[in-house]
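Notes follow once the structure below has been shown.
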Amino acid sequence: MSLTSAATLATLDRTGPRRITDLAAVEGVTQPAMTTLVRVMEESGLVERQGDASDKRVTLVCLTEAGASYVRTRRQAGVHAFERLIGELTGDEAEALVAALPALKHLAELESQDREGPKQ
């Protein structure tokens, strides 16, 4: 799976259903590229398109249970990888990492705000 596909699934998991145009903007790709990506993920059963109850002209891309499961599995694999690597740090290095956590959390919040863009 491409990084853009994985990032798109993660965005849908974090923010809920989105328009293709919104997803394209958030992921930094063209609308035609996102349309193609969504079609491929839809064929794989990871996402589905649904109408927007508030605007019948709009189609939203939604994460399926298989897509949500993929995101959870991928996140858990990342957690395990970091646990293993952190276990190899010295005591001083682990303490430095703990001291850096507030700054790292703030960076993650800033990145998330940048990626989410305007909400519908």
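The values are calculated or read from the model by the stated rules, or taken from the named source; none is laboratory data. Not measured: the values here are computed from a predicted model. So basically every Cβ, Gly included, is an ideal-geometry build from the backbone, and we count neighbours across all protein chains shown. The protein model used for the area step is the full one, side chains on, heavy atoms only, and it has no ligands, DNA or RNA in it. Shrake-Rupley method; radii C 1.70, N 1.55, O 1.52, S 1.80 Å.
State the volume of the convex hull built on the alpha-carbon positions of segment 12-120, expressed per residue in Å³ and rounded to an integer.
Taking the convex hull of the Cα positions in segment 12-120, it is 120 Å³ per residue.
Using a Förster radius of 35 Å, what is the FRET efficiency between Ala103 and Lys56 based on their Cβ-Cβ separation? Nearest 0.05, please. The partial results should precede the final answer.
On the way: r = 45 Å, r/R0 = 1.30.
E(calc), rounded to 0.05, equals 0.15.
Grab every C-alpha pair in segment 42-94, bin the distances at 10 angstrom width from 0 up to the longest one, and report whole percents.
Percent of Cα pairs in each bin: 22, 26, 21, 15, 11, 4.
Between Val47 and residues 5 or more places away or on another chain, which pairs have amide H atoms under 5 Å apart, with H built 1.01 Å from N, and which residues are they?
The list, which skips near neighbours in sequence, is Glu42, Thr64.
Sort 85-97, 45-57 for me by packing, meaning the mean count of neighbouring Cβ atoms within 10 Å per residue, highest on top. Write out the running numbers ahead of the final one.
Working: 85-97: 10.0, 45-57: 12.8.
Final packing ranking: 45-57, 85-97.
With point charges of +1 on the Cβ of Lys and Arg and -1 on the Cβ of Asp and Glu, referenced to the Cα centre of the chain, which listed residue (Ala99, Ala81, Ala66) lies farthest in the positive direction of the dipole?
The one lying farthest along the dipole's positive direction is Ala66.
Can you give me the % of accessible surface on the chain that is carbon or sulfur? Probe 1.4 Å, all protein chains present, nothing else counted.
Values: 4520 of 7830 Å².
Carbon and sulfur together cover 58 percent of it.
Would you mind getting the accessible area per residue of the chain, heavy atoms of the protein chains only, 1.4 Å probe, in Å²?
Numbers: 7830 Å² over 120 residues.
Here the per-residue accessible area is 65 Å².
Using the Cα gyration tensor of segment 1-73, with a ≥ b ≥ c the square roots of its eigenvalues, what is the shape: rounded (a/c below 1.5), prolate (a/b larger than b/c) or oblate (neither)? Don't skip to the end; give the middle numbers.
Details: a/c = 1.60, a/b = 1.20, b/c = 1.33.
Oblate.
Taking the Cα centre of segment 28-73 as origin, sum charge times position over the Cβ atoms of Lys and Arg (+1) and Asp and Glu (-1), and report the length of that vector in debye to the nearest 20.
80 debye
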